[in-house]
């Protein structure tokens with residue numbers, strides 16, 4: 001009987017450790033909006049690489065997170081709900097864009113504040129948005145523009161036979 005109790009306790013300890021590692025690995029992303037935040041909204045053409053819980057950064061510093069992403073059936077844009085730290089007051093002409101941490105890094109949402117005197121209120125929508133840019137499409141444009149520059153017609157003067165030679 002004591003062997004069964006020891007096995008049950010060992011199994012419970014392993015299960016608790018696994019749950020603890022899972023919570024630590026996800027960082028509690030997307031569970032709830034943090035206290036001391038206010039909501040904002042934005043609509044993007046494309047949100048590739050962004051999920052609920054993704055960082056929202058201002059000058060490289062995390063100031064919020066994405067709380068929800070939904071598809072707007074009327075505009076076919078992705079509507080994002082954002083929780084911003086209540087200490088951060090953003091001007092109404094703030095821009096929001098999806099940026100990449102590098103070639104192998106993940107994506108995050110970047111805020112670029114404007115210079116308007118008015119401040120965004122809780123629940124307002126950020127109008128100036130830029131969706132994610134596909135690295136594959138950029139590479140394809142680069143490759144196709146490089147190949148078209150090599151298709152120039154030959155210079156007729158340089159290829160004409162020399163008249164002075166018999």
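General observations
- Of all residues in region 91-132, those that are surrounded by 15 or more Cβ atoms within 10 Å (Cβ to Cβ), touching a residue at least 40 places away in the same chain (Cβ under 8 Å) and in a loop (DSSP other than H, G, I, E, B) total 5.
- The sole residue among 5, 45 that is over 27 Å from residue 86 (Cβ atoms), surrounded by 12 or more Cβ atoms within 10 Å (Cβ to Cβ) and at pLDDT 85 or above is 45.
- Test: residue in region 75-85 that is over 23 Å from residue 35 (Cβ atoms) and either touching a helix residue (DSSP H, G or I) at 6+ places or on another chain (Cβ under 8 Å) or assigned to a strand (DSSP E or B) (or both): yes
- Verdict on residue 138 being modelled with pLDDT under 80 and either surrounded by 10 or more Cβ atoms within 10 Å (Cβ to Cβ) or not in a loop (DSSP other than H, G, I, E, B) (or both): yes
- Test: residue in region 41-52 that is touching a strand residue (DSSP E or B) at 6+ places or on another chain (Cβ under 8 Å) and on the phi > 0 side of the Ramachandran plot: yes
The values are calculated or read from the model by the stated rules, or taken from the named source; none is laboratory data. Please read these numbers as outputs of a predicted model, since none were measured by experiment. Here Cβ is always computed from backbone atoms with ideal geometry, including for glycine, and neighbour counts include all displayed protein chains.
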